[in-house]
Each structure stands twice: as C-alpha cells, then as structure tokens.
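What follows is a single structure, written as structure tokens, with notes after it.
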Amino acid sequence: MKNIVWCGILMGVTGTLFAQETPRFSVSAGAGFSTPVGRTANKLDTGWNVRGGAGVNLSSHVGVMVDVGYDSLGIASPVLNNLGFGGGTLSIFSATLNPIVHLLPRSSTDIYLTGGGGYFRQRQDFTQPGVANGVGFDPFFGFYPFATPVNVLVSSYSVNKPGIDAGAGISFGRKWGGKFFAEARYNRIFMGNRHTDYIPVSFGFRR
C-alpha cells in the first residue's frame, strides 16, 4: 500500500514539475526569404515568406504544430520572355501538420527537427506594363489629366495540391519563456508529373 501511495506522490510531483517547466501550448511567428531548388530554380526567383503556427507540447522533447505560411516568388525573366509577359509571380499558401522534436529542450540553445505535410494552394499571376489615367488637382492650375505606368494583371491561375515539408532550426533564449529562432524547411508540392520545390528560411519568435 505504501508503495502505491509513494508512486502516486511521485507521479503528481513529476506532473507538476513538467507543467511548470513546459508550457502546454506553443505559438510561433516569423518571416524571411524563400528560394526555389531543383528544377523549380530554373523557373522561379528567390522571394519572401511569412509564417505562423500553433500547437501542443506532448512532452519537453516532442510537440505537434499546425503551421501556416505564405511564400511569394518571382517568375524568372527567361520564362517571362518565352511566354511573352512583362512580369509574374508565384504565390503559395500552405497549411501543414508537423510533429516537432526538440533535441535540447532544457538548454538556452535548442536544436529542433520538424516535418509533415498538408494543403498547398499555388497561384501564378502574369502582368504586362500598362498606363492608368487619372485626374489631379493643383491650386494654381486647377484640374488636370495625368497618366501613370502600372502593371496590369492579364493572366491568373490557381490550383490546390498536397505537399510535404521537412526541416530543422535553432532557437535561442530562456528555456520555456520564449525563444528567437532561425529555421530552414524544404517544401515539395505534388503537381502531377512535376513538383514545385522550394526552401523557406525564416526568422522569428516561438513561445
């Protein structure tokens, strides 16, 4: 009977310490640059990204995050010239479920691994140079017409596809009081007989 009581006390103390040391929930936010890789690098230029996530810590070493991201990459000039467009961008919205493993959770410097998969929405926009007409006003000259150069959207197409991601990062700060992180994550969108491959590198804060 005494052994059972002592085991119960020990489990209660351990649970209390874990609750105090490891927050139950985790959130993150960051931004950075995204670079295409593989064959995708022949079609796209480096762009930018913003990211955010929320999840649950199952232990001090393991958690599960739901990550969302938005990446914007330019379409390479040779591709635009071949297609006859003046400009273009490829934007990607992603929502993925990712386990995360902390290798040094109780250290002020933590290294972590993450990866998973989910939903990706890829959109391509092509533009041409154009002119917008307007009317301005000056106290001396009165109303006057003007024209200003603009980029006119001439073609747009989006598609929803599954994809995967995997990466690693390093974070600095207090053990569980929030940390600044730097992370690189490989992404692949399955586009049938081809893939869209890119690596977002982001910097931010995780709590």
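Quick note: the coordinates plus some simple rules give every number you see, no bench work behind them. Small disclaimer: the values here were computed from a predicted structure and weren't measured. Don't worry about glycine lacking a Cβ; one is built from the backbone with ideal geometry, like all the others, and counts go over all protein chains shown.
Order these by the 10 Å Cβ neighbour count, fewest first: Thr89, Thr127.
With the fewest neighbours first, Thr89, Thr127 line up as Thr89, Thr127.
Which shape class, rounded, prolate or oblate, goes with region 51-98 when its Cα gyration tensor gives a ≥ b ≥ c as root eigenvalues, a/c under 1.5 marks rounded, and past that a/b bigger than b/c marks prolate?
On the way: a/c = 6.07, a/b = 4.71, b/c = 1.29.
Since a/c reaches 1.5 and a/b is larger than b/c, the shape of region 51-98 is classed as prolate.
Once a ≥ b ≥ c are taken as the square roots of the eigenvalues of the Cα gyration tensor of region 112-201, is the result rounded (a/c under 1.5), prolate (a/b larger than b/c) or oblate (a/b not larger than b/c)?
Taking the square roots of the gyration eigenvalues as a ≥ b ≥ c, region 112-201 is oblate.
Among rounded, prolate and oblate, which fits region 162-201 when a ≥ b ≥ c are the square roots of the eigenvalues of its C-alpha gyration tensor, a/c under 1.5 means rounded, and a/b larger than b/c means prolate?
Prolate shape, in that a/c is at least 1.5 and a/b is the bigger ratio.
Tell me, what is the Rg over Rh of region 24-206, with Rh the Kirkwood radius over Cα pairs? Show your work: numbers first, answer last.
Working: Rg = 21.1 Å, Rh = 18.5 Å.
A ratio of 1.14.
Which of the peptides 142-150, 163-171 is most tightly packed, and how do the rest follow, going by the mean number of other Cβ atoms within 10 Å of each residue?
Peptide ranking by packing, descending: 163-171, 142-150.
Trypsin sites (Lys or Arg not before Pro) within region 98-129: which are DSSP loop residues with at most 13 other Cβ atoms inside 10 Å?
Arg106
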